[in-house]
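A.B. asks: Please find one structure pasted underneath; my questions will follow.
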Amino acid sequence: MALTEQKASVFMTSHSTQPPDEQARPVGTPPANAETPKTGADANQSVSGSHHLALPAQAHSPLPTMPGLGGASFLMSFVYAWHGLMYAIRTQRNARVHMALALCAIILGFVLHISPVEFAMIFVAITLVFIAEMFNTVAEACVDLATREYHPLARIAKDVAAGAVLLNAMLSVVIGALVFGPHLIALVAHYIPHFPQISL
């Protein structure tokens with residue numbers, strides 16, 4: 001009888017697959033290493049966190065953000081515009097020539113006592129020439145930025161921009177002749193009695 005109970009004990013011990021902790025755990029009690037289920041906000045945070053990890057990282061845009069037109073940013077826009085004007089005068093020979101001719105035209109207008117309307121026409125002509133010269137500078141800078149090699153389209157872009165400057169210069173000459181012509185003729189006729197009078 002004792003031999004039979006000993007064999008039964010050895011048989012049960014050899015065929016037991018549960019660890020000692022599991023054998024001592026009462027029925028209905030969760031294992032010690034079991035993960036506690038998350039509920040409520042913890043579960044939502046866990047789900048959102050897993051989704052966040054699954055999303056690819058967004059690439060940063062290489063373009064800078066434009067500041068708003070308020071306060072110092074609005075004032076700085078005038079500073080940048082002044083820098084652009086000074087750059088055109090400093091680096092472009094034709095712009096310096098136009099500025100010298102513009103000063104001569106203004107001085108001549110004061111000497112000949114031209115009317116305010118005629119002064120306005122002179123200032124419009126001066127401004128148009130400067131605007132055309134600055135756009136020509138922009139076109140040249142953009143073409144040089146795109147390519148340093150010879151290309152027919154690059155040549156066309158630069159030639160057309162230079163043609164716009166030439167057209168505005170011709171317009172300014174016509175306006176100057178129409179404004180200063182009668183005053184110069186009257187001035188010469190004052191010192192030369194037999195100088196023919198020409199009225200426009």
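A.B. asks: Sort through Ala32, Ala59, Ala100 and tell me the only one that's surrounded by fewer than 11 Cβ atoms within 10 Å (Cβ to Cβ), part of a loop (DSSP other than H, G, I, E, B) and either modelled with pLDDT of 90 or more or in contact with an Asp or Glu (Cβ under 7 Å, 6 or more places away or on another chain) (or both).
C.D. replies: On inspection, the qualifying residue turns out to be Ala32.
A.B. asks: Just one of (1) more than 19 Å from Gly84 (Cβ to Cβ); (2) surrounded by fewer than 17 Cβ atoms within 10 Å (Cβ to Cβ) trips up Ala169, so point out which.
C.D. replies: (2)
A.B. asks: Another question, if that's okay. Given the structure, is Gly49 surrounded by fewer than 14 Cβ atoms within 10 Å (Cβ to Cβ) and either modelled with pLDDT of 85 or more or in a loop (DSSP other than H, G, I, E, B) (or both)?
C.D. replies: In short, no.
A.B. asks: Six or more apart or on different chains, Cβ under 7 Å: which pairs go from a residue in region 86-102 that's closer than 18 Å to Ala162 by Cβ to one that's among the acidic types (Asp, Glu)? Could you list them?
C.D. replies: From residues that are closer than 18 Å to Ala162 by Cβ, the pairs are Ala88/Glu133; Gln92/Glu133; Asn94/Glu133; Ala95/Glu133; His98/Glu133.
A.B. asks: Would you call Val138 among the hydrophobic types (A, V, I, L, M, F, W, C) and over 37 Å from the mean Cα position of the chain (by Cα)?
C.D. replies: no
A.B. asks: Only one residue in Ala120, Ala105 is assigned to a helix (DSSP H, G or I) and surrounded by 14 or more Cβ atoms within 10 Å (Cβ to Cβ). Which one?
C.D. replies: The conditions single out Ala105.
The values are calculated or read from the model by the stated rules, or taken from the named source; none is laboratory data. Since the model is a prediction, treat every value here as computed from it, not as a measurement. In this analysis, Cβ positions are derived from the backbone assuming ideal geometry, glycine residues included, and neighbour counts consider all displayed protein chains.
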